[in-house]
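Engineer: Questions regarding the structure given below will be posed in turn.
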Amino acid sequence: MSSLTFISSVLLFQLLFTSHPCHRILTSAAPGERWQLLQKSIGISAMHMQLLSNDRVVVFDRTDFGPSNLPLPEGKCRFDLNDTALKQDCTAHSIEYDVLSNKFRPVMVQTDVWCSSGAVTPNGDLVQTGGFNDGERKVRVFSPCSSCDWQESNNGLAARRWYSTNHILPDGRQIIIGGRKQFNYEFVPKNIAANTFDLPFLFETNDREVENNLYPFVFLNIDGNLFVFANNRAILLDYVKNKVIKRYPTIPGGDPRSYPSTGSAVLLPLKNLKASDIQAEVLVCGGAPKGSYSQATQGEFIGALKTCARILITDPNPKWVIDTMPLARVMGDMILLLNGNVLLINGAGAGSGSAGWEFGRNPVLNPVLYRPDNKIGTRFETHTPTKIPRMYHSTAALLRDGRVLVGGSNPHTYYNFTSILFPTELSLEAFCPPYLEAKYNNLRPTIVGPNSMSGISYGKTLTLEMEIKGKVEEKLVWITMVAPAFNTHSFSMNQRLIVLGNDKITALEKSRYNIEVRTPRSGNLAPAGFYLLFVVHQDIPSMGIWVQLQ
């Protein structure tokens with residue numbers, strides 16, 4: 001994308017943002033909170049999502065269930081002798097969704113991406129790994145351009161990866177951890193470390209015939225090591241030396257939180273970056289009690305977990321602290337909002353079963369907001385429900401304008417739209433969090449310039465010009481950086497929010513100000529790559545700009 005085109009897109013995006021797209025509503029909602037139906041059908045069910053730096057979202061499903069409801073363009077067809085459903089398939093199983101225009105185009109994935117994983121590299125490419133059948137050892141790349149399509153490499157992985165987790169490392173590589181029958185990890189791209197590395201922890205957390213350790217929750221700690229959570233406990237892994245350097249206690253109650261007892265998790269916002277002892281906390285919410293998956297196969301649906309567990313992973317003697325959600329939830333997504341709060345959305349609740357084909361009941365339609373800085377017992381707020389159940393294989397992703405894109409839900413082996421509890425869902429909608437209410441217009445910052453920044457270095461001072469029409473509370477203005485995540489199966493891989501703070505504010509004229517902040521000091525705090533940067537004033541954020549840290 002040319003710089004002129006990019007700046008024009010940014011200006012148009014800001015114009016749309018200031019006119020409050022969340023107030024142009026297609027569904028009923030409480031004042032200030034809105035659900036928007038963006039697309040009644042995109043032709044595929046959104047099993048996987050990734051926002052790219054051109055404000056387009058790559059969405060894909062799987063290839064082995066037969067035709068989708070979206071034809072490939074120009075008579076294209078996929079020929080795959082290994083496909084278990086169609087050897088010749090002229091329909092798309094992936095799209096590129098343009099957030100700005102609310103339009104989408106079909107793109108062509110070659111091999112089966114079912115239950116795969118991925119992350120965005122420092123140059124902005126989505127590198128996507130594994131899947132099922134002929135896709136289980138593939139590495140695929142999707143670049144952010146208006147006409148790009150999937151590019152695939154044969155046997156780019158050393159092991160079969162199905163239900164694994166990816167994370168970007170400070171050196172720009174991806175680590176791929178676990179997966180079905182894989183108790184190890186490996187790296188992409190390959191260098192001298194072309195093989196897999198054993199991780200016995202994944203074997204230890206494997207419940208026989210159920211697993212409960214798939215799609216492990218992985219976060220880069222501030223010391224450069226990896227926090228790896230599977231089933232009901234976690235370790236701190238030195239992936240360079242292939243050594244476990246800390247074992248965390250089991251979550252109280254011992255119930256599993258990983259797939260298929262699918263809860264979700266986030267690394268809470270990293271703050272106080274100038275401190276010598278920066279703290280890092282992980283929050284794990286929801287899931288299914290032990291035995292839920294086995295019982296669901298027999299037609300008995302056990303209620304989801306109603307608890308969240310929070311742990312300070314940098315503490316020498318860490319302990320889990322339990323809090324109670326207003327609604328039980330399994331198969332829910334947890335999204336870091338750009339002001340540092342956490343959104344819990346999608347999934348099933350009481351009497352709900354677990355992840356898996358036909359194993360879920362009782363959808364949770366209400367999003368819940370979690371405020372991590374509040375006192376325990378006062379952190380949760382329940383918000384306006386959607387009308388669309390989002391069950392197994394649903395997704396959610398934060399957008400640059402502050403909305404949350406929501407799609408997917410297909411708990412069936414094939415697409416099924418009739419005579420069934422939860423029909424396959426091909427729609428896209430957006431949830432507008434409370435901070436987008438019009439009553440906050442006078443508090444809402446607008447970033448006047450620059451429109452984007454590339455080549456930002458570590459430990460340097462940034463200066464932004466912003467506009468706030470109302471009275472400015474300087475102590476309540478700060479800047480955040482958010483890494484867009486790869487979302488699938490209730491976990492947003494590589495999701496990260498860094499609070500840069502506010503070093504200095506200088507008043508200019510006409511309600512305009514300069515704000516100075518310091519960038520993160522190392523890749524352990526913020527791996528190189530594209531981030532969304534926001535100014536937040538009294539908990540109300542601006543629209544973001546793209547920045548590239550390198």
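The values are calculated or read from the model by the stated rules, or taken from the named source; none is laboratory data. Predicted, not measured: the structure shown is a model, and the values here were computed from it. Note that we place each Cβ from the backbone using ideal geometry, even for glycine, and neighbour counts take in every protein chain shown. For the accessible areas, the whole protein counts, side chains as well, though only heavy atoms, and no ligand, DNA or RNA atoms are used. Shrake-Rupley method; radii C 1.70, N 1.55, O 1.52, S 1.80 Å.
Engineer: Give the lysines whose C-alpha is closer than 25 Å to that of LYS460, dropping any in the same chain fewer than 8 places away, or say none.
Structural biologist: LYS271, LYS274, LYS475, LYS504
Engineer: Using +1 at the C-beta of Lys and Arg and -1 at the C-beta of Asp and Glu, which of ASN242, THR382, PHE183 has the Cα lying farthest in the positive direction of the dipole of the chain?
Structural biologist: THR382
Engineer: How large is the convex hull of the C-alpha atoms of region 410-462 per residue, in Å³?
Structural biologist: Cα-based convex hull of region 410-462, divided per residue, equals 241 Å³.
Engineer: So, one more: How much net charge surrounds VAL266 when only the other residues with a Cβ under 15 Å from the Cβ of VAL266 are counted, with Lys and Arg +1 and Asp and Glu -1?
Structural biologist: +3
Engineer: Right, something else. Run the Debye formula on the Cα coordinates of region 108-211, all scatterers equal and no solvent, and tell me log10 I(q)/I(0) at q = 0.10 1/Å.
Structural biologist: One equal scatterer on each Cα of region 108-211 leads to -0.27.
Engineer: Continuing with the same structure: Which entry in (i) 1.01; (ii) 0.91; (iii) 1.57 matches Cα Rg over 2.2 N^0.38 Å derived from the coordinates of this structure?
Structural biologist: Answer label, from the structure shown: (ii).
Engineer: Treating cross-link reach as a plain straight distance, find the lysines whose alpha-carbon is under 18 Å from the alpha-carbon of LYS246, omitting any fewer than eight places away in the same chain.
Structural biologist: Within the straight-line cut-off, LYS246 pairs with LYS319.
Engineer: With an 8 Å Cα cut-off and a minimum separation of 6 or more residues, compute the relative contact order for region 92-181 in percent.
Structural biologist: Contact order relative to length: 22 percent.
Engineer: Further question: Ranked from highest to lowest mean number of other Cβ atoms within 10 Å per residue, what is the order of the peptides 484-490, 534-540?
Structural biologist: Answer by packing, highest mean first, reads 484-490, 534-540.
Engineer: What is the log10 of I(q)/I(0) for region 364-441, computed with the Debye formula using one identical point scatterer on each Cα and no solvent, at q = 0.25 Å⁻¹?
Structural biologist: For region 364-441, the Cα-only Debye profile gives -1.22.
Engineer: How do the peptides 133-141, 371-379, 330-338, 37-45 rank, highest first, by the average count of neighbouring beta carbon atoms within 10 Å per residue?
Structural biologist: 330-338, 133-141, 37-45, 371-379
Engineer: In deg cm²/dmol, rounded to 500, what helix-only [θ] at 222 nm does the chain give when every DSSP H run of at least 4 residues adds -39500 (n - 2.57) and the total is split over its residues?
Structural biologist: -1500 deg cm²/dmol
Engineer: Let me check against my output: what whole-number percent is the relative contact order of region 438-547, with C-alpha pairs under 8 Å and at least 6 apart?
Structural biologist: After rounding, I find 36 percent.
Engineer: Per residue, what accessible area does region 133-204 have, given a 1.4 Å probe and all protein chains present, in Å²?
Structural biologist: Per residue, region 133-204 has an accessible area of 43 Å².
Engineer: So for the chain: antiparallel DSSP bridges make up what percent, rounded to the nearest 5?
Structural biologist: Of all bridge pairs located within the chain, approximately 95 percent are antiparallel.
Engineer: Ok, one more. If you average the C-alpha positions of region 66-94 and of region 485-499 separately, how far apart do those two centres end up, in angstrom?
Structural biologist: Region 66-94 and region 485-499 have Cα centres separated by 30 Å.
Engineer: Then there's this: Percent relative contact order of the chain, based on C-alpha pairs within less than 8 angstrom and at least six residues apart?
Structural biologist: Reported as a whole number, the value is 14 percent.
Engineer: In nm², what is the average projected area of the convex hull enclosing the Cα atoms of region 438-547?
Structural biologist: It is 7.6 nm².
Engineer: Let me ask another. Would you work out what percent of the accessible area of the chain, with all protein chains in place, is carbon or sulfur (probe 1.4 Å)?
Structural biologist: Carbon and sulfur atoms account for 51 percent of the accessible area of the chain.
Engineer: Where does the charge balance sit around ALA397 when Lys and Arg score +1, Asp and Glu -1, over other residues with C-beta under 10 Å from its C-beta?
Structural biologist: Here the charged neighbours net out to 0.
Engineer: Please work out the ratio of the alpha-carbon Rg of region 287-346 to 2.2 N^0.38 Å and round it to two decimals.
Structural biologist: Here the Cα radius of gyration is 1.41 times the empirical estimate.
Engineer: Ok, one more. Is the C-alpha gyration tensor of region 291-436 telling us rounded, prolate or oblate? Criteria: a/c under 1.5 is rounded; beyond that, a/b larger than b/c is prolate, otherwise oblate.
Structural biologist: Since a/c reaches 1.5 but b/c is at least a/b, the shape of region 291-436 is classed as oblate.
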